[in-house]
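The values are calculated or read from the model by the stated rules, or taken from the named source; none is laboratory data. The shown structure was predicted, so the numbers you read here are calculated from the model rather than taken from an experiment. Note: ideal-geometry Cβ built from the backbone for every residue, glycine included; neighbour counts use all protein chains shown. To get the accessible areas, we keep the full protein, side chains included, count just its heavy atoms, and leave off ligands, DNA and RNA. Shrake-Rupley method; radii C 1.70, N 1.55, O 1.52, S 1.80 Å.
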Amino acid sequence: MPPPTTVDGASLRERKKQRTREALIDAAFELFSTKGFEATTVDEIAESVEVSSRTFFRYFGSKEDVATSLQLQQFLDVYSALDERPADEPVMTALRRACVQVLRAYEEGGTDATQFACVMELVQKSPAVLSRSLEMCTEQLDELARRVAVRMGVDPVSDPRPKLVAAVSSAALQVAVRAWREDEPDEKVSDLADRAFALLEAGINYPAARA
């Protein structure tokens, strides 16, 4: 049998890396759920997947990073959902519907729902996870602003509105999580986010370029 081509070989390696990453995430959340975040060690996560702690750090910079990995994936899912919104839909309406759609999918989605609930609990109970979660939101502002600018048909360097939309959208999500954490734990985060975005929608709902 001939050796695999470079493309096939690279594809196989990438699939293996993705499986290892997913296994580390699953193992971490299982341990977080049973032992708690603070009591879980990186070594325990790695051992659960039968890899070394050195391998763990090839995928994640810290225990906080693996705890918030689901939130990072949610940002990626929001970007995809935003791209699928009608091209003439005003910016804040599109963002509101994309964010709420993704949050509800995670709240209702099997394994993802279990991990999402665990993330919300960690954000509520662990200052370290909360801090990393807020930091991640800040790190995503430029990418969100870029995508908003594309929808608006403007240059985010010369037009400040996309960055404003990105900043207040991130703030809306943080307000929703804080409201759930401190005041309304019986509400769904998606419903609280929908409420927060509705307020923004009434104020800075800039038209899309194709409106």
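For the stretch 113-131, indicate whether the set of residues that are free of Cβ contacts under 8 Å to residues at least 60 places away in the same chain, surrounded by fewer than 13 Cβ atoms within 10 Å (Cβ to Cβ), of a type in the set (A, V, I, L, M) and out of contact with any strand residue (DSSP E or B) (no Cβ under 8 Å at 6 or more places or on another chain) is non-empty. Scanning the stretch 113-131, I find no residue that is free of Cβ contacts under 8 Å to residues at least 60 places away in the same chain, surrounded by fewer than 13 Cβ atoms within 10 Å (Cβ to Cβ), of a type in the set (A, V, I, L, M) and out of contact with any strand residue (DSSP E or B) (no Cβ under 8 Å at 6 or more places or on another chain), so the answer is no.
Could you please let me know if residue 171 is open to solvent by less than 80 Å² (accessible area, probe 1.4 Å) and out of contact with any Pro (no Cβ under 9 Å at 6 or more places or on another chain)? Walk me through how you get there before you give the answer.
Working: open to solvent by less than 80 Å² (accessible area, probe 1.4 Å): yes; out of contact with any Pro (no Cβ under 9 Å at 6 or more places or on another chain): yes.
So residue 171 passes the test.
Among the residues of the stretch 42-53, write down those that are open to solvent by 30 Å² or more (accessible area, probe 1.4 Å) and in contact with a helix residue (DSSP H, G or I) (Cβ under 8 Å, 6 or more places away or on another chain).
Of the stretch 42-53, the ones open to solvent by 30 Å² or more (accessible area, probe 1.4 Å) are 43-44, 47-53.
Scanning the stretch 42-53 gives 43, 44, 48, 49, 51, 52, 53.
Scanning the stretch 29-49 for residues that are part of a helix (DSSP H, G or I) and closer than 14 Å to residue 115 by Cα, we see that the one that is farthest from the chain's Cα centre (by Cα) is 34.
Condition test on residue 77, is it in contact (Cβ under 8 Å) with a residue 12 or more places away in the chain and either among the basic types (Lys, Arg) or within 18 Å of residue 24 (Cα to Cα) (or both)? No. Under the condition of being open to solvent by less than 60 Å² (accessible area, probe 1.4 Å) and either at pLDDT 95 or above or not aliphatic (A, V, I, L, M) (or both), the residues counted in the stretch 132-143 number 5. If the condition is being open to solvent by 30 Å² or more (accessible area, probe 1.4 Å) and in contact (Cβ under 8 Å) with a residue 24 or more places away in the chain, then the stretch 152-164 contributes 153, 154, 161, 164. Taking each residue of the stretch 35-47 that is closer than 12 Å to residue 67 by Cα and looking for partners that are among the hydroxyl-bearing types (Ser, Thr, Tyr) and open to solvent by 30 Å² or more (accessible area, probe 1.4 Å) with beta-carbon atoms closer than 6 Å, six or more apart or interchain, yields 42/53. Among the candidates 24, 12, the residue that is open to solvent by less than 30 Å² (accessible area, probe 1.4 Å) and either at pLDDT below 95 or of a type outside the set (Phe, Trp, Tyr) (or both) is uniquely 24.
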